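Single-structure report; data block below.
The values are calculated or read from the model by the stated rules, or taken from the named source; none is laboratory data. The structure displayed is predicted, hence computed values, not measured ones. So basically every Cβ, Gly included, is an ideal-geometry build from the backbone, and we count neighbours across all protein chains shown. In case anyone asks, the SASA skips ligands and DNA or RNA and just uses the protein heavy atoms, side chains included. Shrake-Rupley method; radii C 1.70, N 1.55, O 1.52, S 1.80 Å.
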Amino acid sequence: MIRHTPFHERMAPLNTTGLYIHWAGHLAPVRFQSSEKFEYFAVRNAAGLIDTSPLFKYRITGADAERYLARLLVRDVRACGTGQAQYTVWCDDQGHVVEDGVVFRISADHFLLTAAEPNLAWFDDHRAGMRVQIEDVSDHYGSLAVQGPRSRALLASLDPSVADLRFFGHTEATIGGAQVRVSRTGYTGDLGYEVWVDAGDANRVFDAIAQASVGQGVLPVGQAALLMLRIEAGLVLIGVDFASSRYAFTASDRSTPSEMGFGWMLRDVPGTDRAFVGRDAIRRELAEGTSRWAMVGLVVDWQDWDRVFHAEGIIPPKDHTPVVGEMLLYDDAGERVGYTTSFMYSPVLHRHIAMARVRPSHATVGSTVGLEITVNHRYETVAATVARPPLFNPQRKTATP
């Protein structure tokens, strides 16, 4: 059965293309405009409204809620105070990533955890003996991402408390007469917020935000533009940049946090006494240096890119449409050293860029690899430079209000 999000009634009339995909059983707009670049530039220059309601949402409560999450999540949730959120991952016993998500601490023993895929059974399997309740509240709430440089002023005009939110903070607010929770989070790599609202209040909240947006260059944004934005931001996507270890067929399909570029999450793991799922395997990997891959950003040499196309009498393409199939990477000797997971031409950086996995020996920022492309039905190799993601990282994203 195809389902509609709480915001569908308001957003569907804005979709001039009628194009949708399925996201967790819901209709999700591909794009609202004739070109997704309109929506992309709205986020980078003003603000965009993105319906992220199909995310799975789990309410975790009880006397042992903190202890329970500290035993499951790679990042130490005990360091996440009330009114704060953490981006995190959870792993299997072998230290391979099951999934990623954001955990919000509402109070001492009350958390909300989001995920792109269903995880209720997995979490339930790990709560034996714990005084904790886990409830799937995905249908109870709509979530509307308000992303872009004007997002703070827009939402603060509706509730001034939003103006004081720090990066990955959240607060209760009132929008359109409804009680909501606003978090300074998002999936665009820009200044941005997400508004979490009871499903029954979605229409009036959307109406208030839409009215405040008039004349501000704000547009509704579909999935096509969102996927462009997240590549520039270096944000991984399940099923594209990594696979859940629960569904992986071979070791090649599994990833550790380190291999996904999450070494910053692991700084306290060698010395911690917190026994979370996968800790010992991750410790061994860090101690023995057995990571197979390093997740990096790539910036293609535009002159080399133009060269191979000009040689064939072809205008060099500058296509912003993400390529999520693997493109192989080589060293100077022609040996394979990695592959891209997401590739596109960035309209704001004016470069072809990629998220990629390379051998750790080739992950040094500034080093060069050869990117394999096809020109006139032949393989060609163009130079690309290893860079540290995110490739688009404006100061406003994390700046103190």
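Please go through segment 147-195 and pick out each residue that is of a type in the set (Gly, Ala, Ser), open to solvent by less than 20 Å² (accessible area, probe 1.4 Å) and part of a loop (DSSP other than H, G, I, E, B). Outline the logic, then answer.
Within segment 147-195, the subset of a type in the set (Gly, Ala, Ser) is 148, 151, 153, 156-157, 161, 163, 169, 173, 176-178, 183, 186, 189, 192.
With open to solvent by less than 20 Å² (accessible area, probe 1.4 Å) added as a condition, the list becomes 148, 151, 169, 173, 178, 183, 189, 192.
Of everything in segment 147-195, those that are of a type in the set (Gly, Ala, Ser), open to solvent by less than 20 Å² (accessible area, probe 1.4 Å) and part of a loop (DSSP other than H, G, I, E, B) turn out to be GLY148, GLY189.
Yes/no per residue for (1) surrounded by 22 or more Cβ atoms within 10 Å (Cβ to Cβ); (2) of a type in the set (Gly, Ala, Ser):
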position	(1), (2)
GLN211	no, no
GLY217	no, yes
MET228	yes, no
SER252	no, yes
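Answer with yes or no whether VAL137 is surrounded by fewer than 20 Cβ atoms within 10 Å (Cβ to Cβ), more than 30 Å from LEU391 (Cβ to Cβ) and of a type in the set (A, V, I, L, M, F, W, C). Show your work before the answer.
Numbers: surrounded by fewer than 20 Cβ atoms within 10 Å (Cβ to Cβ): yes; more than 30 Å from LEU391 (Cβ to Cβ): yes; of a type in the set (A, V, I, L, M, F, W, C): yes.
When the stated conditions are applied, VAL137 passes them.
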* Can we say ARG396 is touching a residue at least 24 places away in the same chain (Cβ under 8 Å), open to solvent by 20 Å² or more (accessible area, probe 1.4 Å) and touching a Pro at 6+ places or on another chain (Cβ under 9 Å)? -> yes
* Kindly indicate whether VAL375 is over 24 Å from the mean Cα position of the chain (by Cα) and open to solvent by less than 40 Å² (accessible area, probe 1.4 Å). => yes
* Asked: GLU66 passes all but one of (1) part of a helix (DSSP H, G or I); (2) under 26 Å from ILE209 (Cα atoms); (3) open to solvent by 30 Å² or more (accessible area, probe 1.4 Å); which number fails?
  -> (2)
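Can ALA12 be described as open to solvent by less than 40 Å² (accessible area, probe 1.4 Å), part of a helix (DSSP H, G or I) and free of Cβ contacts under 8 Å to residues at least 24 places away in the same chain? Even if it seems obvious, please write down each step before you answer.
Working: open to solvent by less than 40 Å² (accessible area, probe 1.4 Å): yes; part of a helix (DSSP H, G or I): yes; free of Cβ contacts under 8 Å to residues at least 24 places away in the same chain: yes.
Yes.
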* To do: Search segment 258-274 for residues being acidic (Asp, Glu) and open to solvent by 10 Å² or more (accessible area, probe 1.4 Å), and hand back the single one that is farthest from TRP293 (Cα to Cα).
  => ASP273
* State the number of residues belonging to segment 29-58 that are of a type in the set (A, V, I, L, M, F, W, C), part of a strand (DSSP E or B) and over 23 Å from LEU191 (Cβ atoms). => 1
* Take segment 49-60 and flag every residue that is more than 17 Å from ALA202 (Cα to Cα), open to solvent by less than 10 Å² (accessible area, probe 1.4 Å) and not aliphatic (A, V, I, L, M). => TYR58
* Structure fact -> In the set ARG127, ARG131, the lone residue that is open to solvent by 70 Å² or more (accessible area, probe 1.4 Å) and free of Cβ contacts under 8 Å to residues at least 60 places away in the same chain is ARG127
* Asked: Restricting the search to segment 69-92, which residues are open to solvent by 30 Å² or more (accessible area, probe 1.4 Å) and within 13 Å of ALA108 (Cβ to Cβ)?
  -> ARG78, THR82, GLN84
* To do: List every residue pair whose Cβ atoms lie under 7 Å apart, where the two residues are 6 or more positions apart in sequence or sit on different chains, the first residue falls within segment 307-327 and is farther than 16 Å from ALA383 by Cα and open to solvent by less than 60 Å² (accessible area, probe 1.4 Å), and the second residue, located anywhere, is aliphatic (A, V, I, L, M) and assigned to a helix (DSSP H, G or I).
  => HIS320/MET228; PRO322/LEU227; PRO322/MET228; PRO322/ILE231
* Asked: Restricting segment 275-296 to residues that are among the charged types (D, E, K, R) and open to solvent by 30 Å² or more (accessible area, probe 1.4 Å), which is farthest from HIS96 (Cα to Cα)?
  -> GLU288
